[in-house]
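Report on the structure given below.
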Amino acid sequence: MKRDTDLIRRIVLALRDSDGKSISAIEGVPQHEYLINAQLVRESGLAEGRVQPSGSNKAIPANVTLFRLTDAGHDFAEKVENDTVWNNVKESIIKTSGKLTPGLVFEALKVVIRSGFF
């Protein structure tokens, strides 16, 4: 399964907007897709949470509950909440590097914000 940067963005924004409640799913998203990408959110240091390993399928955890955003997660959420900026940065990164990772997005967003294009 591939990383879904758009879903990672949705997970981070949902956790930010959860009013202090933990999340373990995103409405309309297949659970296995949420699990993989929520685990990546946690591993990347954007959120604190608990990953329950699966006994049968090592690639997909049995459950991932995210409790809160870290400071880096809040920074990421602030930079990706604007849909226009998000889409422009994504297009630019894909054209330039051919791949889209949260780290590349975060660095590109910092440049965009510093240059005043937003």
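Values quoted throughout were computed directly from the atomic coordinates according to the rules given, and no laboratory measurement underlies them. Note that the structure is a prediction, hence the values are computed from the model and not measured. We place every Cβ from the backbone using ideal geometry, glycine too, and count neighbours over all the protein chains shown.
Rank ILE60, ASN37, VAL105 by how far each Cα sits towards the positive end of the charge dipole of the chain (+1 on Lys, Arg Cβ; -1 on Asp, Glu Cβ) and give me just the farthest. Highest projection toward the positive end goes to ILE60. Taking 20 Å as the straight-line reach from the Cα of LYS79, the aspartates and glutamates in range (excluding those fewer than 8 positions away in the same chain) are ASP4, ASP6, ASP17, ASP19, GLU43, GLU48, ASP71, GLU91, GLU107.
Which FRET efficiency, nearest 0.05, do THR65 and SER92 yield, Cβ-Cβ r, R0 22 Å? After rounding, the FRET efficiency stands at 0.05.
Here the residues GLU91, GLU81, ranked from fewest to most Cβ neighbours within 10 Å of their Cβ, fall in the order GLU91, GLU81. Taking a straight Cα-Cα cut-off under 12 Å and skipping sequence neighbours fewer than 8 places away in the same chain, the aspartates and glutamates within cross-link reach of LYS2 are GLU33.
Let's see if you can work this out: charge +1 on each Lys and Arg Cβ, -1 on each Asp and Glu Cβ, no other charges. What is the dipole magnitude of the stretch 5-70 about its Cα centre, in debye to the nearest 20?
The calculation lands at about 160 debye.
Between the helical axis of 31-43 and the longest alpha-carbon principal axis of the chain there is an angle of about 70 degrees. Please determine, in degrees from 0 to 90 and to the nearest 10, the orientation of helix 71-80 with respect to the longest principal axis defined by the Cα atoms of the chain, where the helix direction is its Cα long axis. So the helix axis and the longest Cα principal axis differ by about 60 degrees. At 222 nm, what helix-only mean residue ellipticity would the chain give, in deg cm²/dmol to the nearest 500, using -39500 (n - 2.57) for each DSSP H run of four or more? So the helix-based figure for the chain works out to -17000 deg cm²/dmol. With semi-axes √(5λ) of the Cα gyration tensor in Å as the read-out, I listed [x] 23, 17, 13; [y] 26, 16, 11; [z] 27, 18, 13; which label goes with the value calculated from this structure? Label of the calculated value: [y].
For the stretch 17-100, trypsin sites (Lys or Arg not before Pro) meeting the loop criterion (DSSP other than H, G, I, E, B) and having at most 15 other Cβ atoms within 10 Å: LYS21, LYS58, LYS99.
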